[in-house]
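J.: Following this message is one structure expressed as structure tokens.
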Amino acid sequence: MTVIDKSAEEFYPSIFNDVLAPATQGPSSSNTVGVYRITSIARAILDGEPISLQVEMSTKGGFYDTFFGMDSDKACLAGILGEDLIKSDLGKIYDVAKERGLKYEFFFTDRIEKIPTEMGEFTIKSEKETIVLTGITMGGGEILIRDINGQPCEIKGMHPEEIMIKGSDKPRTVPSVYPLQTIKGAVPPFTTSVGMLEYANKNNKPLWQVALDYECSLTGLSHEEVWKVAEETLDISYASIESGHKDGVKFDGITVAKTPEMREKMKNVKLIPTGAADQGTLDALAVMEYSNAHGIIICMPTGGASGIIPATIKNTSKTLGKTKEDEVKALLVSGLIGVFYFPTHYHGALGCQAEVGIATSMVAAGLVSFLDDDPDTAERAAVLAMQYIIGQVCDPVAGYPQIPCFIRNVASVPVAMTCANYAILGLDTAVTLDGMVQATLRVGEKLRAGRINDLGTCMNEYTANPCSACGKCAK
């Protein structure tokens with residue numbers, strides 16, 4: 001099988017492909033979007049209509065705890081059936097599969113290796129052929145198909161490409177599964193946060209303009225076109241806030257939707273005033289609850305952190321009397337900061353610091369743009385926020401994401417506001433954002449290396465690149 005070799009290509013994350021993306025039904029960028037993208041590609045390269053899908057996963061992998069609780073099974077079916085992830089009703093996807101005569105099976109065995117943790121062997125059949133592929137969801141919606149019919153490959157769905165499948169002389173087209181088409185070989189004007197600050201200061205540009213320059217360099221879009229994407233992204237996230245406040249939001253799990261009830265209590269119960277965070281925290285909760293009810297959200301940078309950025313920007317702007325234009329600028333700055341955290345893949349395996357912490361760091365910088373155009377101040381706010389949150393363990397309960405993500409989204413709103421304020425006041429960080437990203441990775445490796453379950457089994461298996469902390473699972 002011949003595929004385009006991407007291993008030699010340097011990858012530069014796009015703000016609206018990899019950071020403030022994707023738009024999806026909740027609850028998760030990795031568990032929902034990732035598996036959907038894998039089976040969507042599988043459907044595209046299969047000769048004929050799928051008649052069966054089998055997914056085999058490791059009993060010791062991350063999917064064992066989350067696959068059904070976070071509706072990865074439903075996302076798999078939506079992808080293989082060719083359904084639109086945003087428009088389809090995941091709650092009825094099993095009925096759709098039955099109506100179309102699709103046979104399916106999801107199971108766990110010891111045959112499948114446990115690293116990478118969110119990996120499966122996908123067997124897809126049509127009347128004409130059978131394809132077996134290994135698919136990995138890397139975090140933040142990023143995927144990797146590493147082999148097809150036993151032949152190694154590297155398919156990420158970033159660009160359309162032609163492949164030849166072993167045993168077949170018919171070329172297949174792998175579609176791009178990302179919202180924006182990027183230019184192959186494009187190089188952004190900077191690749192580090194230090195480079196970002198140098199670029200901004202040399203060209204006398206605020207970070208929101210720098211963000212436009214960065215995204216245009218990768219996509220070939222104009223400033224006006226990127227601005228429109230940013231505006232649409234913000235509108236979708238604000239719509240998820242409004243929807244989360246409505247009565248009737250329901251989801252499977254171990255908690256129930258509380259936003260409408262709490263909104264009413266706030267009118268009558270005496271609470272400690274927190275200013276702009278009073279409504280902001282409730283808006284963050286609304287997004288998380290709506291996400292878990294399969295509502296349409298923007299992963300910022302993941303589904304598990306999708307409430308923080310829109311709730312914080314919206315309520316800070318309202319308190320300061322800012323405009324929609326100001327809000328879009330804050331979102332652009334937030335997205336630009338998220339680019340530098342891409343080495344974490346925003347993966348909860350490295351702790352909630354890699355989801356909630358990054359979102360808080362991103363929006364803390366974004367908030368600075370409401371009051372100050374100084375790039376160094378915005379970067380300082382981002383570092384302060386991660387310094388506060390670094391070290392949070394991502395610990396799903398009974399396979400459901402609701403705990404502790406709900407309260408962490410809520411509590412991150414005032415944290416971001418506080419860090420923006422103290423960055424403006426000049427509180428020192430003693431480290432650059434680049435240094436903070438490396439610290440996040442180091443702490444994340446320690447977090448996953450230290451997760452030992454009740455059986456004494458090493459749980460250090462949460463990304464595609466295992467560490468060697470204990471020596472048991474290092475490769």
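J.: Mind checking which residues of the range 6-22 are modelled with pLDDT under 90 and either part of a helix (DSSP H, G or I) or in contact with a strand residue (DSSP E or B) (Cβ under 7 Å, 6 or more places away or on another chain) (or both)?
T.: Listed by number, the residues that qualify are Lys6, Ser7.
J.: Right, here's the next one. Please state which of the following conditions Pro301 fails to meet, knowing it meets all the rest: (1) open to solvent by less than 10 Å² (accessible area, probe 1.4 Å); (2) in a helix (DSSP H, G or I); (3) touching a Leu at 6+ places or on another chain (Cβ under 8 Å).
T.: Answer for Pro301: the failing condition is (2).
J.: Just to verify a result, which residue in the range 194-223, among those that are of a type outside the set (Phe, Trp, Tyr), part of a helix (DSSP H, G or I) and open to solvent by 40 Å² or more (accessible area, probe 1.4 Å), is farthest from Pro375 (Cα to Cα)?
T.: Ranking the qualifying residues of the range 194-223, first place goes to His223.
J.: Which condition from (1) closer than 21 Å to Gly141 by Cβ; (2) at pLDDT 95 or above is the one that Pro116 breaks?
T.: Going through the list (1) closer than 21 Å to Gly141 by Cβ; (2) at pLDDT 95 or above, Pro116 breaks only (2).
J.: Another question, if that's okay. I need a count of the residues in the range 145-168 that are under 19 Å from the mean Cα position of the chain (by Cα) and open to solvent by 30 Å² or more (accessible area, probe 1.4 Å).
T.: Count: 1.
J.: Before we move on, is Thr259 in contact with a Leu (Cβ under 6 Å, 6 or more places away or on another chain), free of Cβ contacts under 8 Å to residues at least 60 places away in the same chain and crowded, with 18+ Cβ neighbours inside 10 Å?
T.: Criteria met by Thr259.
J.: Is it the case that Thr191 is among the hydroxyl-bearing types (Ser, Thr, Tyr), surrounded by 13 or more Cβ atoms within 10 Å (Cβ to Cβ) and closer than 24 Å to Gln25 by Cα? Working first, answer last.
T.: Numbers: among the hydroxyl-bearing types (Ser, Thr, Tyr): yes; surrounded by 13 or more Cβ atoms within 10 Å (Cβ to Cβ): yes; closer than 24 Å to Gln25 by Cα: no.
No.
J.: Let me ask you something else. Would you call Met386 among the aliphatic types (A, V, I, L, M), part of a helix (DSSP H, G or I) and within 18 Å of Met196 (Cα to Cα)?
T.: So Met386 fails the test.
J.: Counting residues that are free of Cβ contacts under 8 Å to residues at least 60 places away in the same chain and open to solvent by less than 60 Å² (accessible area, probe 1.4 Å), which strands (runs of 3 or more DSSP E) fully inside the range 29-135 reach at least 2?
T.: Here the list reads 103-109.
For (1) under 18 Å from the mean Cα position of the chain (by Cα); (2) modelled with pLDDT of 95 or more, each residue gets a yes or a no:
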{"site": "Met1", "(1), (2)": "no, no"}
{"site": "Glu49", "(1), (2)": "no, yes"}
{"site": "Ile80", "(1), (2)": "no, yes"}
{"site": "Leu85", "(1), (2)": "yes, no"}
{"site": "Val96", "(1), (2)": "no, yes"}
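J.: Ile236: more than 30 Å from Glu129 (Cα to Cα) and either at pLDDT below 95 or loosely packed, with under 13 Cβ neighbours inside 10 Å (or both), yes or no?
T.: So Ile236 does not fit the description; no.
The values are calculated or read from the model by the stated rules, or taken from the named source; none is laboratory data. Owing to the predicted nature of the structure, the values given are computational and were not obtained by experimental measurement. Every residue, glycine as well, gets a Cβ built from its backbone with ideal geometry; the counts of neighbours run over all protein chains shown. Note: accessible area is taken over every heavy atom of the protein model, side chains too, but ligands, DNA and RNA are not part of it. Shrake-Rupley method; radii C 1.70, N 1.55, O 1.52, S 1.80 Å.
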